[in-house]
Every structure is written in structure tokens, then in C-alpha cells.
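The values are calculated or read from the model by the stated rules, or taken from the named source; none is laboratory data. Only a predicted model underlies this, so the values are computations on that prediction, with no experimental measurement involved. Backbone-built Cβ (ideal geometry, glycine too); neighbour counts: all protein chains shown.
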Amino acid sequence: MQPDSVASKALRADKNVIVGFDPDRVIAARRKLSAMGISMREFADRNGYPYPLVRQIMAGQKRCLRGKSHRIAVHLGLKDA
């Protein structure tokens, strides 16, 4: 479990992150996609989302307050509905 804590600290320390999604949720979302064997692009394509928006959300660059970005964040498990 040490890699998780290292990744969590790295996400918290990242000065480029605008939105403070819980780092554990971001890690869980990435693991979920990995367990399903799909990339962020495949996730976006399968669900009808624009890939750049999915990438920005996973990077914490979008606030995801409403609309498509909010739906994507909920779908990925980054936010509660």
C-alpha cells in the first residue's frame, strides 16, 4: 500500500491541480479504468464524453460544478451525485 500513499502525497503536492478531488478517489478511478482494461480515451468514447474533458477532470483542472463535467466526475466516482 505504500505506492498509494506516495501517489496521494504527490497529488496533494501538485501545484498545477486546481480542483481538490480527494486523491484517493482519483487513484480509485484510475484503478477502476485499469481493472476494466480501458484507457481514459476508451472510457470517453464508450460513454460519449469528449476525451480532453475527461483528461482535464482526471488531472483536476476542471471544477465540475454542473453539466457534462459534473456528470463525468460522478461517473468516474470523483464526486457524489
Quick count over region 5-56, residues being surrounded by 14 or more Cβ atoms within 10 Å (Cβ to Cβ), of a type outside the set (S, T, Y), modelled with pLDDT under 60 and in a helix (DSSP H, G or I), is 2
Scan region 39-73 for residues that are under 14 Å from A29 (Cα atoms) and touching a residue at least 40 places away in the same chain (Cβ under 8 Å) and report the count.
3
I'm checking my understanding of the structure. Among residues of region 60-81 that are surrounded by fewer than 17 Cβ atoms within 10 Å (Cβ to Cβ) and among the aliphatic types (A, V, I, L, M), which one is nearest to L33 (Cα to Cα)?
V74
Would you please list the contacts, defined by Cβ atoms under 9 Å and residues six or more apart or on different chains, that run from a residue in region 24-38 that is within 17 Å of I72 (Cβ to Cβ) to a residue that is basic (K, R) and in a helix (DSSP H, G or I)?
I38/R46
Looking only at region 57-73, count how many residues are among the polar types (S, T, N, Q) and at pLDDT 95 or above.
1
